[in-house]
Amino acid sequence: MTEQDPKKEGGLGDLLGQAKEFLTDERIDQVAGAIKGVAPDSVDKHVDTLADKAKQANGDDADRRDVPGRGAEGS
């Protein structure tokens, strides 16, 4: 795995792509639910806030990929 060849299989770009595919809004909700299931009720609102921020980052990242000069593929 090298940073020089991020698009090659096994490279950094490949790992980032796999992570982005795995980290869907549905999975973010699943993780948040699991955390809220074991954490005290007093942290539920903070978990929800972080989950919302993660979902926003997913949407923002998808938007940047289409704009030249922005995001992982456009830089």
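The values are calculated or read from the model by the stated rules, or taken from the named source; none is laboratory data. Keep in mind that this is a model prediction, so the values were computed, not measured. Cβ sites come from the backbone with ideal geometry, for glycine too, and all protein chains shown count toward neighbours. For accessibility, only protein heavy atoms count, side chains too; no ligands or nucleic acids. Shrake-Rupley method; radii C 1.70, N 1.55, O 1.52, S 1.80 Å.
Data table
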item: Conditions (1) modelled with pLDDT under 85; (2) surrounded by 14 or more Cβ atoms within 10 Å (Cβ to Cβ): number failed by Pro68; result: (2)
item: Members of the range 44-65 found to be modelled with pLDDT of 90 or more and open to solvent by less than 50 Å² (accessible area, probe 1.4 Å), listed by number; result: Asp44, Val47, Ala51, Ala54
item: Tabulated pairs, the range 1-23, first basic (Lys, Arg), second at pLDDT below 65, C-beta under 8 angstrom, 6+ apart or interchain; result: Lys8/Thr2; Lys20/Asp61
item: Residue within the range 2-21 that is modelled with pLDDT of 85 or more, open to solvent by less than 100 Å² (accessible area, probe 1.4 Å) and not hydroxyl-bearing (Ser, Thr, Tyr) present; result: no
